[in-house]
Ligand code: COD
Ligand code: ZN
C-alpha cells in the first residue's frame, strides 16, 4: 500500500535535550509539501558535528532529530518536484544548492544562502517542522535530519545518485568524505608533487589524505595526538605520521624542518584554534596555503602574528569541500563507483539505529573513524 500523501509513523533517534543520550521513539513524519521530498533513509554516518550539538558547541533548538550524512531512497515527492522521483537513490545535502542565491550563481562559491548552518532555526525553509513525537513538534537539523527511518528535505537539498551505489557506504559522501576530499582537490587544488600536512586524522582528516593522494601529492604528512590513527592514515596515502606529543618543540617547527622550509598545503581538520595557527605557520612563508576545515567551539577567537600572512601565505576556509552540492555529489558517487577513491577503510563500525548511543561513545573515545547506522 502506498504511503504517499500520508503521515508515516516510524522509528527515530530523538535528542530531547543537550548532554543526554538519544531516545529511540516512534515519530510521525508528515508528507512532503510543495518542492519537498520524503526519503527512506538506508544508511547514515555519525559525524563530529552531530556530537557538537549534543555538547552545546553547536547551538541548536531541542528536541531535535540529528544526522546529516546519509543516503536513501525517495519515498514520495511534493508538488512541483522535478529533479527526483519515488524509487530514486539520493543523498540529502546539508548545504543545499538553490540555484538562485548569490552563492549559487557565482562559480567560485558553494555556500548556498538557504543552508541552516548559519541561522540554525532547525526548521524547513517554510519555517515549519515535518516531525512530531508525543504530540510535540521536533526540530530538523541542517535541513536533513537523518537519524530516522524517514525524513523530509527541500528539493534543493537532495541529489539523485547512481542506482547501483551502495547506500550504506556512499552516505559518507553526504558530509565527511566530501568535506575532506574537496578541501584538498577542490578548495586547495593540490598539485602533483606537492608536500601537504594534515592536522587531525578523523574521518574528515583521512578524507583530506585521500584527496592529497588522488591529487598526486608526493609527501603527505599526517599529524595527530592519537598514534592509533597512523596505520589507517598510511594505508590511505600518508607518507609520514607524527605525534606532537613525541617532540619537545612546537609542531610547526618540526614540520618546517621536515619539509625543508614549509609545506605547500596544510589542513586543519580538528576544530582547535591552536592547531589552526600551527597549520598556518607550518606552510611555506611565501606561497603556502593553509585550509581551515574544522570549526572551533562557538565564541573562540584567534590571535596570531600578521607577519605569517604578510610574507605571502594564504589562509582559507572550506565548507563541504567547496563543492556545489547538488552538482558535485552525483559526480563524487560516480567517481567512487569508478574506484577513483575508497570509502570502505573509513567505515569502522556498522550499527543498527537502536545502537546510536554506542556509536557516539565510539566516536568520543576515538575508537571509530566513521560508524554507519542502518535501519
Ligand atoms: N593535535 C593533533 N590532533 C588532534 C588534536 C591536536 N591538538 N586534538 C585532537 N586531534 C585529533 C583527534 O585525535 C582525532 O583523531 C582528530 O583530531 C579529529 O577527528 P574527529 O573524528 O573528532 O573528527 P572528524 O574527522 O569526524 O571531523 C572533524 C571536523 C573538524 C571536520 C569537525 O569536527 C568539524 O569541526 N566540523 C565542522 C565543519 C563542518 O563542515 N561542519 C558542517 C557539517 S559537518
Ligand atoms: Zn558532518
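A viscosity of 1.306 mPa s and a temperature of 10 °C, combined with the Kirkwood radius over C-alpha pairs in the Stokes-Einstein formula, give the range 90-171 a diffusion coefficient of 114 µm²/s. Here the residues 365, 277, ranked from fewest to most Cβ neighbours within 10 Å of their Cβ, fall in the order 365, 277. Length gained on full extension, residue 228 to residue 298: 22.3 nm, using 0.36 nm per residue less the C-alpha separation.
Relative protection proxy for 123-135, 154-166, 280-292, from highest mean packing down: 280-292, 154-166, 123-135 (other beta-carbon atoms within 10 angstrom).
One Cα centroid belongs to the range 247-280, the other to the range 130-186; the line between them spans 33 Å. The range 290-304 and the range 9-52 have Cα centres separated by 29 Å. The slack in the chain from residue 253 to residue 334, taken as 0.36 nm per residue of separation less the alpha-carbon distance, amounts to 25.1 nm. For the range 149-308, a/c is not less than 1.5, where a ≥ b ≥ c are the root eigenvalues of the C-alpha gyration tensor, and a/b tops b/c. That puts it in the prolate class.
Using the empirical formula 2.2 N^0.38 Å as the baseline, the Cα radius of gyration of the chain reaches a ratio of 0.97.
Give, in nm to one decimal, the length gained when the segment between residue 243 and residue 102 is fully stretched (0.36 nm per residue of separation minus the Cα-Cα distance). Gain on extension, residue 243 to residue 102, equals 46.6 nm.
Binning the C-alpha pair distances of the range 264-375 at 5 Å intervals from 0 yields a P(r) profile of 2, 10, 13, 14, 16, 17, 13, 8, 4, 1, 0 %, listed from the shortest bin outward.
Using alpha carbons only, the radius of gyration of the range 1-74 set against its Kirkwood radius gives Rg/Rh = 1.00. When each pair of different Cα atoms in the range 44-128 is counted once in the 1/r mean, what is the Kirkwood radius in angstroms, to one decimal? In the range 44-128 this quantity evaluates to 14.9 Å.
With N the number of residues in the range 174-232, Rg(Cα) / (2.2 N^0.38 Å) evaluates to 1.03. Sorting the Cα pairs of the range 29-187 by distance into bins of 5 Å, from 0 upward, gives 2, 10, 18, 23, 23, 16, 7, 2, 0, 0 percent per bin.
Annotation for residue 83 and residue 119: the two label points, set 7 Å from Cα along the Cα-Cβ direction, are 1.8 nm apart. For residue 4 and residue 235, a Förster radius of 30 Å and the Cβ-Cβ distance give a FRET efficiency of 0.10, rounded to the nearest 0.05.
Modelled label-to-label distance, residue 305 and residue 18, 7 Å Cα→beta-carbon offset: nm? Placing both labels 7 Å beyond Cα along the Cβ direction yields 3.6 nm. Put a dot 7 Å past the Cα of residue 164, heading toward its Cβ, do the same for residue 132, and the two dots end up 4.4 nm apart.
Computed from the coordinates by the stated procedures, all read-outs in this text should not be read as laboratory data. All values derive from a computational prediction rather than experimental measurement. For neighbour counting, all protein chains shown are included, and Cβ atoms are generated from backbone atoms with ideal geometry for every residue, glycine included.
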